[in-house]
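Heads up, the thing below is written out as structure tokens.
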Amino acid sequence: MIVEMRKQAPSEEINEVVLRAKSLGFSVQLNLGTDKTVIAILGGNTGQLSTDMFAVFPGVESVTRIMKPYKLASREFKPENTIVKVGKVEIGNKKITVMAGPCAVENIKQLEAAAKSVIDSGATILRGGAYKPRTSPFSFQGLEKVGLELLAEIKKKYQIPVVTEVVDPHAVELVAQYADILQVGTRNMQNFSLLTELGHIKHPVILKRGLANTVTEWLTAADYLLAGGNNNVILCERGIRTFEDSVRFSMDISSIAVIKKFSHLPIIVDPSHAAGHYSYVPAIARAAIAAGADGLLIEVHPNPKEALVDGLQSLTPSDFKRLMGEIKAIAEALGRSL
Ligand code: PEP
Ligand code: MN
């Protein structure tokens, strides 16, 4: 951490900062310039220290971090890529993983039709929400436990792993009895009691990026899962809120490269919630794979016109099939496969 003192700060003010740093167990290097002193505070975990601890002292002009606030999710901590295994599927390996299915589980007929079509097109994980975190309390909230039971039925019949969202720390145990992967939605990325609970299980967790969170905050949230002992963390970029209103959220394609640089965790992309409209989904999905994403999470509905949630952004089975062909070509051009 670098503490910059104001011009001509008296030695008493400088000493106060130095003593505080030493009392916290850090070592200190002083750079006495002609009219400004810069204090470098050095130690293993300055990334976890609040800058306020030094900014509060008189004479301090600015405090800048050099260490990242996240630790376990960083590539410094673990240089090699993490591969998350779900049955025979390996997320983060050479092969691209496509997870697809409806936004919400509505009934057995809908779920089965969705499962059949996405499996037929090459998806290896089925998605379907049983608990829906809706912006309005008056919107359909999901079938809850019944939805989990329907997912379990289809999972058994078609021998396909399933991913579903968990919204409440008290429901983690229940959802883990049915699902192979538990999803943390964008609105819960910083629900720390939920993350803590998910750190205590071994099931893979998809951690979606908060719609107004930085990559640094996202990786720091991932540290909650890793710190609890759950190493099976998959990041999912799903678009962020910007001033642009022609799409539901702006897909931050660059975050894929940033995550690959600073973290060992696999990253997948959800083009559906970013797009908000089915016609934009294929372009975003193709761009994500071209940018190096390890997989996709896509909403597919057997009949989007009848969908209870997110019908407008859901692909039809035939559009999904076409997209899978395009993704295959892009993956192969990059030395990967589908
Ligand atoms: C979802 O995947 O169904 C979902 C609600 O996504 P998000 O949390 O990204 O909005
Ligand atoms: Mn949805």
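Values computed for the structure shown
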read-out	value
The stretch 316-338 and the stretch 32-47: distance between their alpha carbon centers, rounded to Å	51
Spatial separation of Cα centroids for the stretch 84-161 and the stretch 223-298, in angstrom	18
Fraction of the pair-distance distribution of the chain above 31 Å, Cα-Cα pairs, percent	38
Loop-located trypsin sites (Lys or Arg not before Pro) in the stretch 191-249 whose Cβ has at most 10 other Cβ within 10 Å (DSSP)	Lys202
Residue range of the chain that is longest and free of GluC sites (Glu not before Pro) which are both DSSP loop and sparsely packed (at most 10 other C-beta within 10 Å)	81-243
Diffusion constant of the stretch 192-251 at 25 °C, which comes from Stokes-Einstein with the Kirkwood Cα-pair radius and 0.890 mPa s, µm²/s	201
Relative contact order (percent, whole number), the stretch 63-201, Cα cutoff 8 Å, 6+ residue spacing	18
Length-normalised contact order for the stretch 9-100 - Cα pairs under 8 Å, 6+ apart - percent	17
Stretch in the chain that is longest and holds no chymotrypsin sites (Phe, Trp or Tyr not before Pro) that DSSP places in a loop and that have at most 15 other beta carbons within 10 Å	141-242
Cα-based convex hull volume of the stretch 167-210 per residue, rounded to whole Å³	58
For Gly129, residues with placed amide H under 5 Å, excluding near neighbours	Ala104, Val105
Accessible surface of the chain, 1.4 Å probe, proportion on carbon and sulfur as whole %	55
Mean accessible surface per residue for the chain, computed with a 1.4 Å probe while every protein chain stays in place, in Å²	45
Charge tally in the Cβ shell below 11 Å around Ala331, where Lys, Arg are +1 and Asp, Glu are -1, Ala331 excluded	+2
Length-normalised contact order of the chain in % [C-alpha pairs under 8 Å, at least 6 apart]	16
Gyration tensor (alpha-carbon) shape descriptor, the stretch 12-140, a/c threshold 1.5	prolate
Whole-Hz couplings from phi, Karplus 6.51/-1.76/1.60, listed for the stretch 179-191; x for Gly and Pro	9, 8, 10, 9, 9, 9, x, 4, 6, 10, 4, 10, 7
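The values are calculated or read from the model by the stated rules, or taken from the named source; none is laboratory data. None of the values given here were measured: they were computed from a predicted structure. Every residue, glycine as well, gets a Cβ built from its backbone with ideal geometry; the counts of neighbours run over all protein chains shown. All accessible areas refer to the heavy atoms of the entire protein, side chains included, with ligands and DNA or RNA removed. Shrake-Rupley method; radii C 1.70, N 1.55, O 1.52, S 1.80 Å.
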